[in-house]
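The values are calculated or read from the model by the stated rules, or taken from the named source; none is laboratory data. This one's a predicted model, so the numbers in the text were calculated from it and none came from an experiment. Every residue, glycine as well, gets a Cβ built from its backbone with ideal geometry; the counts of neighbours run over all protein chains shown.
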Amino acid sequence: MPSCPMHEEPLPDDTVLLSRMGDLRQQLFRELGKVIVGQGEMLELVLVCLLCRGHCLLEGVPGLAKTLTISTLARVLGLVFSRVQFTPDLMPSDILGTDVLEEDKKTGERQFRFISGPIFANLVLADEINRTPPKTQAALLEAMQERQVSAGGEIRPLPRPFFVLATQNPIEQEGTYPLPEAQLDRFMFNVILGYPSREDEFMILKQGASGHRPELAPLPDAARDLLTMQKLVERVPVADPVIEYASDLVRATRPGAGTAPAFVKEYVAWGAGPRAGLALLLGAKGRAALAGRPAASVDDVKALAVPVLRHRLVLNFKADADNVRKDELIVRLASEIRR
């Protein structure tokens, strides 16, 4: 997770960039809205995650536009997109790439040449990541963390920007390999998609029945601007009270901590680690910048508490017996932490 540099005040040039960030957000949502109906919260979280150089784990039943969202985002931003369908027989080399032996027909000389895998893209959709064995999962997650691939004795950096959106189907669990908690922790956000509203579903069906394919207008210089905005997010200031709130929130998720509320000690087996606090603060900076605001606030941290913490908490058997949901527990915890 990138560090969170602090400044007392935004730099003068950053004020101009923040204004451009607001314009960029409006343009992105306008173009994405031509194809994606509803799902505003999911789009917001994906954009924040992208600005923060994080990665996102998306859960939802089939047909909720997960693939369409990331491919459309790549088209609008002018980035290279790749999709990997994870299956039980997928090998690490199928994702990362492999060395092949080639022979020069003129000289007869043989040499190895590296063929890049689909990981060498700007936006990578890892579809149904829990359907592939741990060895392949680990290879992907290592590339996500290090942003480079080691193959054939060489280190090959991945493109910039680099963003992985992994999906899981919450319904079918047979023949799957659930990600361990330590690997789930590598994802900045865990976003859960629900069914669309009646009005949104009507529009989805109407667009599909009409056969109309809207024309997207790629944003000029969007890829270059995105890298600039990612650096801007790192410079967004965070006041000490905001840091204290994020720290207190994360520490309160640990049942062994003296500050943990009674309901946390009753229902939580394992709480979140320090990486959760970094994700909260960095995400708050990204959320503030995306809205054109010069500093992150406690409200930004609270707004991201659920997607940051839901995959970092492990509930106990009593929570299952009492039908306690992670999201409800996190919302209650965030509201009870003193600002």
When D322 is run through (1) of a type outside the set (F, W, Y); (2) farther than 21 Å from E59 by Cβ; (3) in contact (Cβ under 8 Å) with a residue 60 or more places away in the chain, the failure sits at (3)
Please go through region 57-92 and give me each residue that is crowded, with 20+ Cβ neighbours inside 10 Å, within 22 Å of Q137 (Cα to Cα) and at pLDDT below 85, ordered by number.
G60, K66, I70
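Of everything in region 126-145, what is among the small types (G, A, S) and not in a helix (DSSP H, G or I)? Give them in sequence order.
If we filter region 126-145 for residues that are among the small types (G, A, S), which is where we start, we get 126, 138-139, 143.
Passing the criteria: only A126.
Looking at E146, E128, E181, which is the one that is over 30 Å from I36 (Cα atoms), of a type in the set (D, E, K, R) and touching a residue at least 40 places away in the same chain (Cβ under 8 Å)? Write out each step before concluding.
On the way: E146 fails: touching a residue at least 40 places away in the same chain (Cβ under 8 Å); E128 fails: over 30 Å from I36 (Cα atoms).
The match here is E181.
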Being over 23 Å from the mean Cα position of the chain (by Cα) and surrounded by 12 or more Cβ atoms within 10 Å (Cβ to Cβ), is that true of even one residue in region 232-246?
yes
Does region 237-285 hold any residues that are of a type in the set (A, V, I, L, M) and either part of a loop (DSSP other than H, G, I, E, B) or in contact with a Cys (Cβ under 6 Å, 6 or more places away or on another chain) (or both), and which are they?
A239, A252, A257, A260, A272, L281, L282
Criterion violated by E128 - all others in (1) crowded, with 17+ Cβ neighbours inside 10 Å; (2) touching a Gly at 6+ places or on another chain (Cβ under 8 Å); (3) charged (D, E, K, R) satisfied:
(2)
Please verify whether region 175-190 includes one or more residues that are part of a loop (DSSP other than H, G, I, E, B) and at pLDDT 90 or above.
yes
Do we have R147 as on the phi < 0 side of the Ramachandran plot and surrounded by fewer than 20 Cβ atoms within 10 Å (Cβ to Cβ) here?
no
Number of the condition not met by P294 [criteria: (1) in contact with a Ser or Thr (Cβ under 9 Å, 6 or more places away or on another chain); (2) surrounded by 17 or more Cβ atoms within 10 Å (Cβ to Cβ)]:
(2)
